[in-house]
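Chemist: Following this message is one structure expressed as structure tokens.
The values are calculated or read from the model by the stated rules, or taken from the named source; none is laboratory data. These numbers were taken from a predicted model, which means no experiment stands behind them. Reconstructed Cβ throughout: ideal geometry from the backbone, glycine too, with neighbour counts over all protein chains shown. To get the accessible areas, we keep the full protein, side chains included, count just its heavy atoms, and leave off ligands, DNA and RNA. Shrake-Rupley method; radii C 1.70, N 1.55, O 1.52, S 1.80 Å.
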Amino acid sequence: MPVKSFSQADILVSDRRRLERPMVLVVGLSIVTFTLCTDNMFYLLAAVAVCAIRLMAVSRNKELYVRRAWINVAVLLATALTALDLFSIANNPLATLGNYIVLIIMCKLFERSINRDYVWLLVLSLLLMVASSMFNASLALALSMLVYVLGLCHTAAVLTLKTGLDNVATSHLS
């Protein structure tokens, strides 16, 4: 897996760590909430490992990524796995589609990230939280949802600032 250091513009101007830490935590919270609601420990452990790897790389000002062709192959395998799961009678279709979203998020976390990818991650994590609320209606889920919404608002605000800084940096810096 290639490891790329953040550029000086990423470190000084846009400060990607300030965006990526809360974004990964919000995405991780949505995955943990969904997998606990559906009692799927394999996806829970895999997603926690992926989020931990991403957080460790970000804390060192690095971006760990996999080439786009491998990401596409992983997405195709996830799609095939989901199609097989959907055709089996015993599984809940909503849980299967939620697991598919978890797989897509894990793939997106190993992709080279631009602002559009951050938005996709936040939207997919929001879908997971909505699906979690369809499975469970408990106080723990309500607290998780509250923390998630606060983290999502913070991440959206930081993403908006980063987008503005990126636009200014591209127009004024060579």
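Chemist: Do we find a residue being surrounded by 17 or more Cβ atoms within 10 Å (Cβ to Cβ) and touching a Leu at 6+ places or on another chain (Cβ under 8 Å) anywhere in segment 88-98?
Modeler: Initial filter on segment 88-98 (surrounded by 17 or more Cβ atoms within 10 Å (Cβ to Cβ)): 95-96, 98.
Retained after the next criterion (residues that are touching a Leu at 6+ places or on another chain (Cβ under 8 Å)): 96, 98.
Checked segment 88-98: at least one residue is surrounded by 17 or more Cβ atoms within 10 Å (Cβ to Cβ) and touching a Leu at 6+ places or on another chain (Cβ under 8 Å).
Chemist: Okay, moving on. Being touching a residue at least 24 places away in the same chain (Cβ under 8 Å) and closer than 28 Å to Lys162 by Cβ is true for just one of Ala52, Ala47, Ala78. Which residue is that?
Modeler: Values: Ala52 fails: touching a residue at least 24 places away in the same chain (Cβ under 8 Å); Ala78 fails: closer than 28 Å to Lys162 by Cβ.
Only one candidate passes the filter, namely Ala47.
Chemist: Follow-up question, since we're still on this one. Given the conditions (1) part of a helix (DSSP H, G or I); (2) hydrophobic (A, V, I, L, M, F, W, C); (3) more than 20 Å from Ser144 (Cβ to Cβ); (4) open to solvent by 50 Å² or more (accessible area, probe 1.4 Å), report the number of the one that Val48 does not fulfil.
Modeler: Tallying (1) part of a helix (DSSP H, G or I); (2) hydrophobic (A, V, I, L, M, F, W, C); (3) more than 20 Å from Ser144 (Cβ to Cβ); (4) open to solvent by 50 Å² or more (accessible area, probe 1.4 Å), Val48 fails exactly one: (3).
Chemist: (1) without any contact (Cβ under 8 Å) to a residue 60 or more places away in the chain; (2) touching a helix residue (DSSP H, G or I) at 6+ places or on another chain (Cβ under 7 Å): which one isn't true of Leu128, the others all being true?
Modeler: The failed condition is (1).
Chemist: Does Val123 satisfy the criteria of being modelled with pLDDT of 90 or more, part of a helix (DSSP H, G or I) and open to solvent by 80 Å² or more (accessible area, probe 1.4 Å)?
Modeler: Taking the combined requirement at face value, the residue does not satisfy it.
Chemist: Looking at segment 19-40 only, could you name the residues that are in a helix (DSSP H, G or I) and open to solvent by 20 Å² or more (accessible area, probe 1.4 Å)? First the steps, then the outcome.
Modeler: In the first step, residues of segment 19-40 are kept if they are in a helix (DSSP H, G or I); the result is 19-38.
Result: Arg21, Pro22, Leu25, Leu29, Val32, Leu36, Cys37, Thr38.
Chemist: Determine whether segment 52-68 contains at least one residue that is loosely packed, with under 13 Cβ neighbours inside 10 Å and modelled with pLDDT of 90 or more.
Modeler: Yes - at least one qualifying residue is present in segment 52-68.
Chemist: Assuming Asn167 fulfils every condition listed in (1) surrounded by fewer than 12 Cβ atoms within 10 Å (Cβ to Cβ); (2) closer than 17 Å to Glu20 by Cα apart from one, which condition is it?
Modeler: (2)
Chemist: Could you check how many residues of segment 153-162 are in contact with a Ser or Thr (Cβ under 9 Å, 6 or more places away or on another chain) and either open to solvent by less than 40 Å² (accessible area, probe 1.4 Å) or hydroxyl-bearing (Ser, Thr, Tyr) (or both)? Give the steps one after another, and end with the answer.
Modeler: Here is the first cut: in segment 153-162, the ones in contact with a Ser or Thr (Cβ under 9 Å, 6 or more places away or on another chain) are 161-162.
Checking the rest, the ones that are also either open to solvent by less than 40 Å² (accessible area, probe 1.4 Å) or hydroxyl-bearing (Ser, Thr, Tyr) (or both) come to 162.
Looking only at that region, the number is 1.
For (1) assigned to a helix (DSSP H, G or I); (2) farther than 25 Å from Leu19 by Cβ; (3) not aliphatic (A, V, I, L, M), each residue gets a yes or a no:
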residue	(1), (2), (3)
Phe42	yes, yes, yes
Leu55	yes, no, no
Leu76	yes, yes, no
Thr82	yes, yes, yes
Asp85	yes, yes, yes
Cys107	yes, no, yes
Leu141	yes, yes, no
Tyr148	yes, no, yes
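Chemist: May I pose another question? Out of the residues in segment 104-120 that are touching a residue at least 60 places away in the same chain (Cβ under 8 Å) and open to solvent by less than 30 Å² (accessible area, probe 1.4 Å), state the one that is nearest to Thr155 (Cα to Cα). Walk me through how you get there before you give the answer.
Modeler: Pass one, segment 104-120, residues touching a residue at least 60 places away in the same chain (Cβ under 8 Å): 105-106, 109-110, 112-113, 118.
With the extra rule that they be open to solvent by less than 30 Å² (accessible area, probe 1.4 Å), the set shrinks to 105-106, 109, 113, 118.
Numbers: Ile105: 16, Met106: 18, Leu109: 16, Ser113: 15, Tyr118: 9 Å.
Selected residue: Tyr118.
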